[in-house]
Amino acid sequence: AALQVARREIEQVQGLETRTAALHEDLAARTSRLATTEQEVQDLLDRQTRAESVCSWVGNQTAAISGEIMDRAAPLADALFRRFDVHPTFRRFAFRPDRLRETGHLRPWVFDDLGDQDGNAVQVLSAAQLNALAVSLFLALNLEGTSRLETALLDDPVQNMDDLNVLSLIDVLRALRSRRQIVLTTHDVVLAQLLQSKLRPLVD
């Protein structure tokens, strides 16, 4: 009887040893997987750091290149915006560089030099005034660029504009027609007739 008890105890010990060995193997496997996962996490962190560095570099380059382009076009856009005379106080326009999520941005900014005020054009100007500013910027970029066609194409640029802005636009286009062939589309028959009268070809 004592021998049978001893045998059972030995079997229990052997079972415990087998379970212990299995647990050790499982622990070793989990430790290996943990080390692999930690290495993968570290690799991902390294890639994230490199990606953030690249994004920052791209953002800086984008801002710099955009800034160079807009610096050349901004004075002419400002002159055209002044000529539109769309706002009683905010009469000067420029770009303000900005960064958002590692990306370079150029904010359209308007200035009231007499009142020493300034603000984001999107928040300060009405829809019609913003449209006039957009046309000013478009024409400035068009005139600053080089093209064999020397043509400016405007698709219904008078949206939301009142009569005064439309007349200002026509005056601006008349001043530019010696440098660009103006092609303008509109749904307004009266405006088309006015444009036909005001923008007659300079030469046959």
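List of remarks:
- Residue order for T36, T151 - accessible surface, 1.4 angstrom probe, largest first: T36, T151
- When both bridge partners sit in the chain, DSSP labels roughly 70% of those beta bridges antiparallel.
- Folded to 0 to 90 degrees: helix 189-198 orientation relative to the chain principal axis, Cα: 60 degrees
The values are calculated or read from the model by the stated rules, or taken from the named source; none is laboratory data. Keep in mind that this is a model prediction, so the values were computed, not measured. In case anyone asks, the SASA skips ligands and DNA or RNA and just uses the protein heavy atoms, side chains included. Shrake-Rupley method; radii C 1.70, N 1.55, O 1.52, S 1.80 Å.
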